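Read through the structure below, which is laid out as structure tokens, and then see the notes.
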Amino acid sequence: MKRVCLGLWVVLALVRGPVSAEAGMTPKRTVLNNGMVLLTSEQRALPMVSIELLIDAGSRYEPADQAGLANLTSKLLIYGTKQRTAVQISDTLDFIGASLETGCSQDTASVSMTVLKKDLATGLDLLADILNQSTFPQAEIDRQKQAIIASIRAAEEEPGTVAAKAFAAALFPDSPYGRPVEGSEASVKALQQKGLRDFFARNYRPNRSIIAVVGDVSELNGAFQTWPKGEPSGQALVPAKVGESKVLRINKDLTQANIVLGHNGVARGNPDYYAIQVMNYVLGGGGFSSRAMDSIRNERGLAYSVYSYFAAEKSHGAFEFIMQTKNETALEAIRIATEEMRRMREQPVMEQELNDAKDYLIGSFPLRFDTNRKVAGFLTQVEYFKLGLDYPDRYADLIRKVTGDDVQRAAKQYLQPERLITVMVGNLKKIGEK
């Protein structure tokens, strides 16, 4: 409980501009000689240090015939270096009570570490080792490939995941953004050690990396200075084309249909981003306060889960409206969802709706970050999207400035009910053919 409260206190201080400045907690940005961007929020009173590393090494850099390469590379970072075996890495983490996790998305790979400040030197030495000297032992490759394939097979039984994958493939055809980061069973089986080592050597470089540290960072200087530069980061990859409106039906013997409706969205840097967030809150992002939840669930009882969101990446985005409902009511729920999108475009937002949306978005902003690790992750995202380190101080004003006219303009421009890609996963016989 103490750790959670301390983490929340740090975030609240970051979000309140004057408080953060007076307390000396405004993040500091430094570019090291090797090109790595270092963000620090120094908190010497805290017992834990959280480190978040974001690397421009996502699946967009892998060949289409080696889908899953970036993901497997990220997983294997902690399974052997020139100095340590996988067991030795695990034993070191256990001994100092630290956590170390890796991940991968289409755009970036990530490494997260949490360590007691008294063991920071050991943690940094281990982190530098895996970033410089990972070796990808064949035995570990074979084990991780089996685990990933098992996960892929299990996901095929998850209707929500099946629907999401089908939607992404339809929205961004022939693109890294349209295929699963983990790859397919066939592509994972075909991955080779040489490909992993080459991908690691080419992409895991300091001048492609952002690191954020929250805690006592007095020992950090010099930890990554010997990490050699590599190829610079590439430009944000824009999907070559966007899928046209279509209906995809996937038959599974389920009592409830899983539905995804959506279309192309906006990049994170779009100037209408904040108007879109307010608009989406009113439409389907506000939980029980949203129009869609009220219309589809509360008034008609057609679905238990109803929500929408705009996912904004660096070069592109997507809008998704997601529901689970009985097979027999799937088509009716889709019809009403589409009507709500049209109503959002055609009818001005009410003042109470607008105020409720803005109050929630502003009020919940600091509560998203209840641990130091989340603060560190937030800082890497701020740097990655070039939002500026004063972004926490500006966020509330960016939301407050959104007007009712802004919301309706955003709805008319960015909601496209006539261009929906519709994915239905369920019992197609019960859903019907209408």
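The values are calculated or read from the model by the stated rules, or taken from the named source; none is laboratory data. All of these numbers come straight from a predicted model, not from anything done at the bench. Neighbour counts run over all protein chains shown; Cβ positions are idealised from the backbone, glycine included. In case anyone asks, the SASA skips ligands and DNA or RNA and just uses the protein heavy atoms, side chains included. Shrake-Rupley method; radii C 1.70, N 1.55, O 1.52, S 1.80 Å.
Numbers at a glance
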{"quantity": "Full-stretch length increase - Glu346, Asp397 - with 0.36 nm per residue and alpha-carbon distance subtracted", "calculated": "15.7 nm"}
{"quantity": "Tyr307, Tyr61, reordered so the largest accessible area comes first (probe 1.4 Å)", "calculated": "Tyr307, Tyr61"}
{"quantity": "Net charge of neighbours whose Cβ lies under 14 Å from the Cβ of Pro239, counting Lys and Arg as +1 and Asp and Glu as -1", "calculated": "0"}
{"quantity": "Cross-link reach list, aspartates and glutamates versus Lys165, counting only Cα pairs under 15 Å and skipping chain neighbours closer than eight places", "calculated": "Glu156, Glu157, Asp174, Glu182, Glu185, Glu320"}
{"quantity": "Cα centroid of the range 247-274 to Cα centroid of the range 370-426, whole Å", "calculated": "17"}
{"quantity": "Karplus-derived 3J(HN,Hα), 6.51/-1.76/1.60, for each residue of the range 348-354, Hz, glycine and proline x", "calculated": "x, 6, 6, 4, 5, 4, 4"}
{"quantity": "Equivalent ellipsoid semi-axes, the range 203-251, via Cα gyration tensor eigenvalues times 5, rooted, Å", "calculated": "41, 17, 9"}
{"quantity": "Isotropically averaged projected area of the range 76-134, using the convex hull of Cα atoms (one quarter of hull area), nm²", "calculated": "3.9"}
{"quantity": "Degrees, to the nearest 10: 330-346 long Cα axis against longest axis of the chain", "calculated": "90"}
{"quantity": "Computed Kirkwood radius, in angstrom, where 1/r is averaged over Cα pairs of the range 273-350", "calculated": "12.8"}
{"quantity": "If the convex hull is drawn through the Cα atoms of the range 106-185, its volume per residue in Å³", "calculated": "150"}
{"quantity": "Kirkwood-Stokes translational diffusion coefficient of the range 139-255, alpha-carbon pairs, 4 °C, 1.567 mPa s, µm²/s", "calculated": "71"}
{"quantity": "Overall form of the range 233-323 per C-alpha gyration tensor (a/c, 1.5; a/b vs b/c)", "calculated": "oblate"}
{"quantity": "Mean residue ellipticity (222 nm) of the chain, computed from DSSP H runs ≥ 4 via -39,500 (n - 2.57), nearest 500", "calculated": "-12500 deg cm²/dmol"}
{"quantity": "³J(HN,Hα) computed for each position of the range 240-256 - Karplus, 6.51 cos²θ - 1.76 cosθ + 1.60, integer Hz, glycine/proline x", "calculated": "4, 8, 10, x, 7, 4, 6, 10, 10, 10, 10, 7, 9, 7, 10, 7, 10"}
{"quantity": "Per-residue HN-Hα couplings for the range 394-402 [Karplus 6.51, -1.76, 1.60; θ = phi - 60°; Hz; x = Gly/Pro]", "calculated": "8, 4, 4, 5, 4, 6, 4, 6, 5"}
{"quantity": "Over 31 Å between alpha carbons, listed pairs Lys145/Lys386; Lys118/Lys374; Lys28/Lys412; Lys189/Lys326; Lys145/Lys430", "calculated": "Lys145/Lys386; Lys28/Lys412; Lys189/Lys326; Lys145/Lys430"}
{"quantity": "Accessible surface, per residue, of the range 76-136 when the full set of protein chains is kept, probe 1.4 Å, Å²", "calculated": "40"}
{"quantity": "Projected label distance in nm at Ala128 and Glu418, using a 7 Å step from Cα toward the beta-carbon", "calculated": "6.1"}
{"quantity": "Fraction of accessible area attributable to carbon and sulfur, the chain (%, probe 1.4 Å)", "calculated": "51"}
{"quantity": "P(r), alpha carbons of the chain - 20 Å bins starting at zero, rounded %", "calculated": "23, 53, 23, 0"}
{"quantity": "Accessible area in square angstrom per residue, the range 253-361, 1.4 angstrom probe", "calculated": "42"}
{"quantity": "Set of aspartates and glutamates near Lys229 by C-alpha distance (under 14 Å), chain-local residues within fewer than 8 positions excluded", "calculated": "Asp56"}
{"quantity": "More than 18 angstrom apart: percent of Cα pairs within the range 307-409", "calculated": "66"}
